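K.L.:
Here it is: the structure, laid out below.
The values are calculated or read from the model by the stated rules, or taken from the named source; none is laboratory data. It should be emphasised that the depicted structure is a prediction, and the values quoted were computed from it without experimental measurement. Note that we place each Cβ from the backbone using ideal geometry, even for glycine, and neighbour counts take in every protein chain shown. What goes into the accessible areas is simple: the full protein's heavy atoms, side chains included, and nothing from ligands, DNA or RNA. Shrake-Rupley method; radii C 1.70, N 1.55, O 1.52, S 1.80 Å.
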Amino acid sequence: DLEGVEHLQAARASGRGVVAPSGHIGNWEIQAVATVPLVGNVAMIARPLDNPALDQRLVGLRTSTGNTVIYKQKALAQVIRTIREGGIVAILIDQNVQAKDGIFVRFFGRPACTTTVAAALALKTGCAIVPVHCLLQPSGRYRMIYGPPVEWTGTGRRDEDVAALTQALTSVIVGWVRETP
């Protein structure tokens with residue numbers, strides 16, 4: 001089931017491209033597959049699984065409806081091209097990363113080193129940010145929930161803007177978890 005998909009449709013129709021941040025909540029793998037009929041293909045940033053055979057099967061699922069998997073190593077040019085062409089890029093932002101790969105933000109009141117990719121992409125390209133998460137319903141069905149675009153204004157100080165936007169996106173995930181622990 002889809003809720004709020006009009007937010008993603010409107011953002012894509014603007015032609016600015018979309019970053020769709022999410023977290024490891026519910027079945028995030030189904031998000032892009034379920035969305036394709038209503039908004040078109042989605043490019044998802046991913047890390048290859050350690051098991052090549054399992055990775056091949058997962059990529060097969062992810063691309064079965066026409067989506068694209070972009071492995072995060074050396075992905076920047078392809079991701080920016082996708083956004084500038086008006087595409088949607090999905091990224092999970094809730095994993096703890098090494099300090100050299102992220103910044104510390106507050107996550108449930110505790111410092112957590114988080115990727116800045118979604119925020120940095122939005123600042124660099126001016127794309128829309130439409131957060132999405134998945135909830136398992138009592139019926140056993142999944143509900144994909146697309147929030148309204150995250151509104152933000154930059155100060156022109158890149159590092160501060162990336163940090164503030166990364167915190168804002170992390171706070172969105174905290175809100176989802178608080179709603180449905």
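K.L.:
Pick from R158, R84, R141: which is in contact (Cβ under 8 Å) with a residue 24 or more places away in the chain, of a type in the set (K, R), under 22 Å from G26 (Cα atoms) and surrounded by fewer than 19 Cβ atoms within 10 Å (Cβ to Cβ)?
P.N.:
Selected residue: R141, the only one of R158, R84, R141 that is in contact (Cβ under 8 Å) with a residue 24 or more places away in the chain, of a type in the set (K, R), under 22 Å from G26 (Cα atoms) and surrounded by fewer than 19 Cβ atoms within 10 Å (Cβ to Cβ).
K.L.:
What is the number of the single condition among (1) open to solvent by 50 Å² or more (accessible area, probe 1.4 Å); (2) closer than 25 Å to E179 by Cβ; (3) outside any helix (DSSP H, G or I); (4) touching a Leu at 6+ places or on another chain (Cβ under 8 Å) that L49 does not meet?
P.N.:
Single failed check for L49: (2).
K.L.:
In addition: With segment 56-174 as the region, which strands (runs of 3 or more DSSP E) entirely inside it contain at least 2 residues that are among the β-branched types (V, I, T) and within 21 Å of H7 (Cα to Cα)? Break it down stepwise before answering.
P.N.:
Details: elements: 68-71, 88-92, 102-107, 110-115, 132-136, 142-146.
In segment 56-174, the matching strands (runs of 3 or more DSSP E) lie at 88-92.
K.L.:
Quick one: in segment 36-46, of everything that is part of a strand (DSSP E or B) and among the β-branched types (V, I, T), which residue is nearest to D94 (Cα to Cα)?
P.N.:
The first filter runs over segment 36-46 and keeps only residues part of a strand (DSSP E or B), leaving 42-46.
Now drop any that are not among the β-branched types (V, I, T), which leaves 42, 45.
On the way: V42: 19, I45: 13 Å.
Looking at residues that are part of a strand (DSSP E or B) and among the β-branched types (V, I, T), I get I45.
K.L.:
Follow-up. Determine if segment 91-100 includes at least one residue that is among the small types (G, A, S), at pLDDT below 95 and farther than 13 Å from V19 by Cβ.
P.N.:
Residues of segment 91-100 among the small types (G, A, S): 99.
The next check asks that each one be at pLDDT below 95; those that pass are 99.
Imposing the further condition that a residue be farther than 13 Å from V19 by Cβ reduces the set to 99.
Within segment 91-100 (the criterion being among the small types (G, A, S), at pLDDT below 95 and farther than 13 Å from V19 by Cβ), the answer is yes, since at least one residue qualifies.
K.L.:
Read through the list (1) over 18 Å from S14 (Cα atoms); (2) among the polar types (S, T, N, Q); (3) open to solvent by less than 80 Å² (accessible area, probe 1.4 Å); (4) at pLDDT below 90, then give the number of the only condition that T35 fails.
P.N.:
Every listed condition holds for T35 apart from (1).
K.L.:
Okay, moving on. Hey, does segment 26-35 have a residue that's free of Cβ contacts under 8 Å to residues at least 60 places away in the same chain and either touching a Ser or Thr at 6+ places or on another chain (Cβ under 7 Å) or not in a helix (DSSP H, G or I) (or both)?
P.N.:
The answer is yes, given that some residue of segment 26-35 is free of Cβ contacts under 8 Å to residues at least 60 places away in the same chain and either touching a Ser or Thr at 6+ places or on another chain (Cβ under 7 Å) or not in a helix (DSSP H, G or I) (or both).
K.L.:
Being at pLDDT 95 or above and acidic (D, E) is the requirement here; does E151 meet it?
P.N.:
no
K.L.:
Now, a different point. Any residue in segment 120-138 that is touching a residue at least 40 places away in the same chain (Cβ under 8 Å) sitting within a Cβ distance under 7 Å of a residue that is part of a loop (DSSP other than H, G, I, E, B) and of a type in the set (A, V, I, L, M)? List the pairs, counting only those 6 or more apart or interchain.
P.N.:
From residues that are touching a residue at least 40 places away in the same chain (Cβ under 8 Å), the pairs are I129/V150; P131/V150; H133/I25; C134/I25.
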